[in-house]
Amino acid sequence: MTEAVVPTLLDKSFGAGTTAADRDEAARRRDEWNAARTSEQPQSFWQATLRRFATNKVGVVAAGIVLLLVLGAIFAPLLTSADPLIGKPLDRLQNVGSPGHLLGTDEQGRDMLARVLYGGRLSLLAGFVPTIGAALIGTAIGVTSGIMRGAVGTVLMRTMDMLYAFPAILLAIAVGASLGPGLTNTIIAVTIVFVPPVARVAESATRRVVVQEFVEAARLSGASTLRVARTQVLPNVLNDVIVYASGLVGVAMIIAASLSFLGLGSAPPAPEWGYMLNSLRGMVSVAPLVAIVPGFFIFLTSVAFNLASDALREAMDSRL
Amino acid sequence: MLRVAVLRISMAVPILFGVSVIVFLLMNVLPGSAEASLVSDDMSAAERQAIRDELGLNDPLPLRYLHWLGDALQGNLGYSAQRRRDVSDLLMQAWGNTAVLALVSAVFGISLGLWLGYVAGTRRGTLIDRLTGVLSLSGLSIPSFFLAIILLAVFAGWLRLLPSGGANLDSGLLMALRSLVLPVLSGSLITMAITARVTRASIVDVAGADFVETLRAKGLSEWEVRRHILRNAISPVLTTSGVQIGALLGGSVLVETIFRWPGMGLLVFTAISARDLLVVQGATLVIAVTFVLLNLVVDLLQAWIDPRVRGAVS
Amino acid sequence: MADLLELIDISKTFDVRSGGRRATLSAVDHVSLTVRPGTTLGIVGESGCGKSTLARVIVGLHLADDGELVFDGKQMLTGKRRTPGELKQMQMVFQDPSSALNPRATISESIAFPLQVQGASKSVIAERVATVMRDVGLPAAYASRYPHQLSGGQRQRVNIARALALQPKLVVLDEAVSALDKSIQAQVLNLLSDLQDEYGLTYVFISHDLNVVRYLSDDVAVMYLGQVVEQGSAQQLYDEPKHPYTQLLLSSVPTLDPAESTRDEPVDTADSTEIPSPIDPPSGCRFRTRCPFATDLCAQVVPVPIQVGEGRTVACHLYTTP
């Protein structure tokens, strides 16, 4: 860690003149000098991270794509008048770029643009909700076991290890198969898959933080364990969790799409991207461009999240 | 080393136990549990009770678990009413096919990823480094089943170069290899991507270490220096390759489904469609146990190669 | 005048794993010390001698296994968590200026935290933070800054300010200047000295640096492998060290005066660099493996501290068997 360059401030001994005018002049110059050197803006970790992130072109573009996709999904009814669920059978499998159907139509003549926009609601939900859910639960478990080294911590982390012993997608499939099809169940399944790795990240970050002297100082002031956890440990664990979780959104979308692909996802005819990809699978030789549209959007979103996550990691990396 | 081995193996036992508990609970506690696939709505209450009694479903949960575990340890994973076969027979048949596919994918993905990561890490900032970056990012972000569909459309549909599905493992080496190409490519891209990323990062990390400077100062040839770098950089790569093989085993459900590869994955897919949960349960258990054992092998390998890991145990 | 702090027979062990086996590390072993109000007790010893553990036992961060602690005429439990009211009477300044401050909190938030915990009102907190910042020589403009925007010396001033915020009677300084540059060390030592007068503070000053200890301390205790081997007034102890370990320590202090140089006449003939492990300390006298005067007796009998002058004790058989 590099030491911040801190200017020397001048005190009263500077420019001790003989006449009152000399002393006043010295005082004025002293105040000027000091003011110039104390005007550095205070910057919190998050402000600094944001500023560094903003200088990363790739990260900004990626974050912009994510934002566009989210806005497109939210404002779908404003962006297209076409119905995502009902199509004209006569218009089936129009190619990408055909008049009135920017992204073509599917095998039932439904407008693909409308389906992609409305489908984005389900797919993005399936990406965000499990990630946020797992981040909250995993952080709680990780911080708890990182602070409480005894039986509680051991039991929690060994349980996590056991869930971690399953390949991620297999666990999601097994949970999904047990719960039955549906978007809610998909979200639950993906959340369960993500809790153990988040808990591991949070636990190791917590272990690193609790041995630091500022935590001892907080305990020395009489603060309860809960208060120390909330005010001292958590703010210093969150950055690790956030970087890790930001990389999970894309994975969550892919797993959710995989589950719908296997028939365990949201119920048809709801336009979820994974389900759309599966139902257009047979059309890949007839209308290849249309058939890859849903897959392309899963890919695009996932790439954007991965790039944004990398940029975020870099922006946080200069350890403050 | 022997002590490390014993310790690692003894640590795997509780994990295996936990895995079996989780698999059992998944299928017996959650709403879509196994009994639901046997009991149908039009049965009378008495009939349902009879089935439940016969299956021992009225026993307390821990007792049922012990029964199930005892059966499972003897190779009895239940009977698939839909397929009219013992679940273990079905799994045995499929296991070999999945093993072949996963093994070839792992070897292909990990060695290609290692090579790309090594080249990228030692020639930072060059074109090949940036290309590797793009390739590994794409590999991380593309769903394997999407890649599979594209590959199928191009190589089987359009170019007609390769078969569109099935496993021709018994009809000669050439046919076997031809049937393996597309499933291996679509399954192993993510393995390659992650291995390349980790290898590159690890190489960059080690290449900046002081000892590398010392080796150069001692007058070692560049070739020898790189050998030292690789040896020191391999440990994190090994750690992830365990996880990678797991991802391949899990991902097999998707890849095998698309290429109609008669392995565990395809078995799971058809069982899900038919709500044949005993097969899902059995396959999940077998894949998870395989995964734990593979990770154990990777751990031991790592302890053998890297003295730091060996020391960390004690 | 009565002592402000009295430690009686304090012991602290840790359970550790060594080579895969469980073992007990004896960090502090039967330590008895007294500190007079308004003075500084320096505790000196090599790293790993239990100084920091002792510091944490005094302020209540570690629970002692055994022994008693009397503070300001009242006995305080050493084996149980202390109440916030007990904790606030003794505060600590930590060693590492970079890890002693929460990187996510501003300077004023860090100083205010103990006051918030103790339930002070907003206006009291604001006033108190401003006062201690001024007292330790931090410009008010630094209040809203973050630790990474400060230099090491300034961060240590913040640490001191935080310890003073609760107006403690006793401050334990655990290697408080060791991580700082020499020139900054002098500034901080002067500051500590000024604050002691202003606030009427009592210090327990812990350091491995004998020069620094000498500068600030009225009395000094020398620790070796968890035990106090010698204590006395700083003057006596530095002028006339009695315990062979104290002699060894003083002989290794670099000096600029060639007349004082002991470079050519090393006290230690034994293997003096190898410090035994506190997990399995030597029998009898713990220093005997490095002591040039060790006899058979030293391996068999633990030397007890004996009085060798006014407020002066030594734990060494050289002085028990004349």
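So, in the range B:253-270, of the ones that are in a loop (DSSP other than H, G, I, E, B) and crowded, with 24+ Cβ neighbours inside 10 Å, which residue ends up nearest to the other protein chains (Cβ to nearest Cβ)? Spell out how you get there, then give the answer.
We begin by selecting, within the range B:253-270, every residue in a loop (DSSP other than H, G, I, E, B); these are B:260-263.
Those still in the list that are crowded, with 24+ Cβ neighbours inside 10 Å too: B:261, B:263.
Details: B:Trp261: 15, B:Gly263: 13 Å.
Taking the candidates together, the pick is B:Gly263.
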**Request:** Inspect the range C:130-143 for any residue being more than 12 Å from chain A (Cβ to nearest Cβ), surrounded by fewer than 24 Cβ atoms within 10 Å (Cβ to Cβ) and in contact with a Lys or Arg (Cβ under 7 Å, 6 or more places away or on another chain) and give the result as yes or no.
**Result:** yes
**Qualifying residue in the range C:116-126 (condition: more than 19 Å from A:Val228 (Cα to Cα), modelled with pLDDT under 95, crowded, with 16+ Cβ neighbours inside 10 Å and facing chain A (nearest Cβ under 10 Å))** = no
**Prompt:** Just a yes or no: is a residue in the range B:202-213 touching a Pro at 6+ places or on another chain (Cβ under 7 Å) and under 20 Å from B:Gly121 (Cα atoms)?
**Reply:** yes
**Request:** Would you mention how many residues in the range B:134-176 are more than 8 Å from chain A (Cβ to nearest Cβ), part of a loop (DSSP other than H, G, I, E, B) and either under 12 Å from B:Ile258 (Cβ atoms) or out of contact with any helix residue (DSSP H, G or I) (no Cβ under 6 Å at 6 or more places or on another chain) (or both)?
**Result:** 8
**Fill in**
Of the candidates A:Leu234, A:Leu220, A:Leu226, A:Leu248, the one satisfying the condition of being under 15 Å from A:Val195 (Cα atoms) and either buried (at least 23 other Cβ atoms within 10 Å of the Cβ) or within 13 Å of chain C (Cβ to nearest Cβ) (or both) is A:Leu248
**Prompt:** Can you tell me which residue in the range C:56-86 is nearest to C:Pro37 (Cα to Cα), limited to those that are in contact (Cβ under 8 Å) with a residue 60 or more places away in the chain and hydrophobic (A, V, I, L, M, F, W, C)?
**Reply:** C:Phe71
**Fill in**
The residue that is surrounded by the fewest Cβ atoms within 10 Å (Cβ to Cβ), considering only those in the range C:96-110 that are in contact (Cβ under 8 Å) with a residue 40 or more places away in the chain and more than 7 Å from every other protein chain (Cβ to nearest Cβ), is C:Ala105
**Prompt:** Is the range A:138-160 home to any residue that is crowded, with 19+ Cβ neighbours inside 10 Å and closer than 27 Å to B:Phe269 by Cα?
**Reply:** yes
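For the range C:41-50, state whether one or more residues are surrounded by fewer than 21 Cβ atoms within 10 Å (Cβ to Cβ) and either within 14 Å of another protein chain (Cβ to nearest Cβ) or under 30 Å from B:Leu7 (Cβ atoms) (or both). Spell out the reasoning first.
Step one: list which residues in the range C:41-50 are surrounded by fewer than 21 Cβ atoms within 10 Å (Cβ to Cβ), which gives C:46-48.
In the following step, the residues that additionally are either within 14 Å of another protein chain (Cβ to nearest Cβ) or under 30 Å from B:Leu7 (Cβ atoms) (or both) were identified as C:48.
Taking every residue of the range C:41-50 in turn, at least one turns out to be surrounded by fewer than 21 Cβ atoms within 10 Å (Cβ to Cβ) and either within 14 Å of another protein chain (Cβ to nearest Cβ) or under 30 Å from B:Leu7 (Cβ atoms) (or both).
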**Request:** Among the residues of the range A:161-179, count how many are within 13 Å of B:Val268 (Cβ to Cβ), more than 7 Å from chain B (Cβ to nearest Cβ) and in contact (Cβ under 8 Å) with a residue 24 or more places away in the chain.
**Result:** 2
**Asked** Across the range A:284-306, which residue is nearest to A:Glu272 (Cα to Cα) among those that are outside any helix (DSSP H, G or I) and more than 7 Å from chain B (Cβ to nearest Cβ)?
**Response** A:Ala287
**Request:** Taking B:Thr239 as meeting all but one of (1) within 9 Å of chain A (Cβ to nearest Cβ); (2) in contact (Cβ under 8 Å) with a residue 24 or more places away in the chain; (3) part of a helix (DSSP H, G or I), write down the number of the exception.
**Result:** (1)
**Request:** Give the residues of the range A:255-275 that are within 12 Å of chain B (Cβ to nearest Cβ), of a type in the set (Gly, Ala, Ser) and in a loop (DSSP other than H, G, I, E, B), sorted by residue number.
**Result:** A:Gly263, A:Gly265
**Message:** Return the pair list, or none, for Cβ contacts closer than 9 Å from residues in the range B:1-24 that are at the interface with another protein chain (Cβ under 8 Å from one of its Cβ atoms) to residues that are of a type in the set (D, E, K, R) and assigned to a helix (DSSP H, G or I), at least 6 apart or on different chains.
**Reply:** B:Pro14/A:Arg158; B:Pro14/A:Asp161; B:Ile15/A:Arg158; B:Ile15/A:Asp161; B:Gly18/A:Arg158; B:Gly18/A:Asp161
**Request:** Please identify the pairs in which a residue from the range B:72-94 that is closer than 14 Å to B:Leu285 by Cα has its Cβ atom under 8 Å from the Cβ atom of a residue that is among the aliphatic types (A, V, I, L, M) and outside any helix (DSSP H, G or I), counting only partners at least 6 apart or on another chain.
**Result:** B:Val87/B:Leu77; B:Ser88/B:Leu77; B:Leu91/B:Leu77
**Request:** Give the residue that is farthest from C:Ala105 (Cα to Cα), with candidates limited to residues of the range C:130-172 that are touching a Pro at 6+ places or on another chain (Cβ under 7 Å) and in a loop (DSSP other than H, G, I, E, B).
**Result:** C:Leu166
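The values are calculated or read from the model by the stated rules, or taken from the named source; none is laboratory data. Since this is a predicted model, take the numbers as computed values, not measurements. FYI the Cβ positions are ideal-geometry reconstructions off the backbone, even for glycines, and counts take in every protein chain you see.
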